[in-house]
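Okay, structure first, notes after.
The values are calculated or read from the model by the stated rules, or taken from the named source; none is laboratory data. Model, not experiment: these values are computed from the prediction. As a convention, Cβ positions derive from the backbone with ideal geometry for all residues, glycine included, and neighbour counts pool all protein chains shown. Surface accessibility is based on the protein's heavy atoms, side chains included, excluding ligands, DNA and RNA. Shrake-Rupley method; radii C 1.70, N 1.55, O 1.52, S 1.80 Å.
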Amino acid sequence: MRWTRRGALGAGVALAAGGARAQEAWPNRPIRVIVPFPAGGTTDMLARLYAQRLTETLGQSVLVENRGGGGGSIGADVVAKAAPDGHTLLFHNLTFVTTTSVLQASNRAPHDIERDFIAVSVGAMVPSIVLTQASHPAQDLREFVAWAKGRTDVFYGSTGPGSGMNLTGETLKRETGIRMEHVPYRGAAPLVQELVAGRVQLGGDQISTGVIHVRAGTLKALATLAPRRARVLPEVPTVRELGFPALEQQGWNGYFAPAGTPRPVIDRLAREVAAAAAVPDIERRILDAGGEPGGGGPEDYAAMLREQITRIRAQVAAVGLRAE
């Protein structure tokens, strides 16, 4: 779906921004955008794409800072504990929900999405895909499951414990009875390298991570986790089409601010993100990466997150996923 761009925008995930707090004109100094992953991935690319435009429209430098580790929880915690003045923001993706849910199930969560953050605006909706090496005999995820039945030498890789692919892999095991060993990596780049080399048989991440390799014939896309087929790989079926609806995930990348950030700041930032998403060059680059431009307001974003948090917490409990 394409997000509705609005003028007057609403509240965040659970706690509204500190409404009547007086403050100086915002922004009055450079803005830090924390990306909780190493440089070079989809989330980092999108954050830098928006930062360039926001620097122009906000009149202050918008600087992207990579703080990887902990499945994204380390960088997120920097923002959770930052001053709620709009000068430190988080740009995260669906992994925020999965990792936090796993950490909460393990009583190790340093923060809570609903308590410690305000959802501001989606930068892009980016589906995830499930991949294998090009030489694998399976042509889709259903065939992969048939191939894996009864085997004890199957490995699946993810971008880290608690990541979306970690939850996908464990859910697939529970749904089908196949046996797979989880191999976590510190990001999408090493995961793709190991998939190409065949050291893990299954993996996945946001579509822009793998689409180049799929088109080049070095990787094979087995399914997309999104509710509908991806525009850039329309031949790849969804997990629901293949009979695995429990694997469905709606991918996204978007902005968060610390809880307590004044409402005028949230509204201004959401308007600027929506305007940036409509810039033709930004829109084209997001579409080329396999995503759809965002720009929806806080209410839309918060509603989506509440639904995902409820569903993913239940899924984490069902498979018994815990922080390693």
task = Go over the candidates Ala124, Ala83, Ala119, Ala109 one by one and state the one that is touching a helix residue (DSSP H, G or I) at 6+ places or on another chain (Cβ under 6 Å) and either closer than 27 Å to Gly320 by Cβ or open to solvent by 30 Å² or more (accessible area, probe 1.4 Å) (or both).
result = Ala109
message = Filter the stretch 134-163 down to the residues that are in a helix (DSSP H, G or I), open to solvent by less than 10 Å² (accessible area, probe 1.4 Å) and of a type outside the set (A, V, I, L, M) and list them by number.
response = Phe144
request  = Those residues that are out of contact with any Lys or Arg (no Cβ under 7 Å at 6 or more places or on another chain), more than 28 Å from Gly210 (Cα to Cα) and of a type outside the set (A, V, I, L, M), I need them from the stretch 291-309; list them, please.
outcome  = Pro298, Glu299, Asp300, Arg306
message = I want to confirm something. Restricting to the stretch 30-51 and keeping residues that are in a helix (DSSP H, G or I) and surrounded by 23 or more Cβ atoms within 10 Å (Cβ to Cβ), which single residue is modelled with the lowest pLDDT?
response = Thr42
remark   = If we take the stretch 165-239, then strands (runs of 3 or more DSSP E) inside it with 3 or more residues that are open to solvent by 10 Å² or more (accessible area, probe 1.4 Å) are 181-184
task = Among the residues of the stretch 261-281, write down those that are closer than 13 Å to Ser121 by Cα and of a type in the set (A, V, I, L, M).
result = Val265, Ile266, Leu269, Ala270, Val273, Ala274, Ala275, Ala276, Ala277
key: Given (1) assigned to a helix (DSSP H, G or I); (2) open to solvent by less than 10 Å² (accessible area, probe 1.4 Å), index of the condition Leu131 fails   = (1)
ask   = Would the stretch 7-29 turn up any residue that is of a type in the set (A, V, I, L, M), open to solvent by less than 20 Å² (accessible area, probe 1.4 Å), modelled with pLDDT under 95 and under 25 Å from Gln104 (Cβ atoms)?
value = yes
task = Provide a single number: the residues in the stretch 149-201 that are among the acidic types (Asp, Glu) and under 28 Å from Gly40 (Cα atoms).
result = 3
ask   = Within the set of pairs 6 or more residues apart or between chains, which connect a residue that is part of a helix (DSSP H, G or I) inside the stretch 83-112 to a residue that is open to solvent by less than 10 Å² (accessible area, probe 1.4 Å) and among the hydroxyl-bearing types (Ser, Thr, Tyr) with Cβ atoms less than 8 Å apart?
value = Thr95/Ser163; Thr98/Ser163; Thr99/Ser163
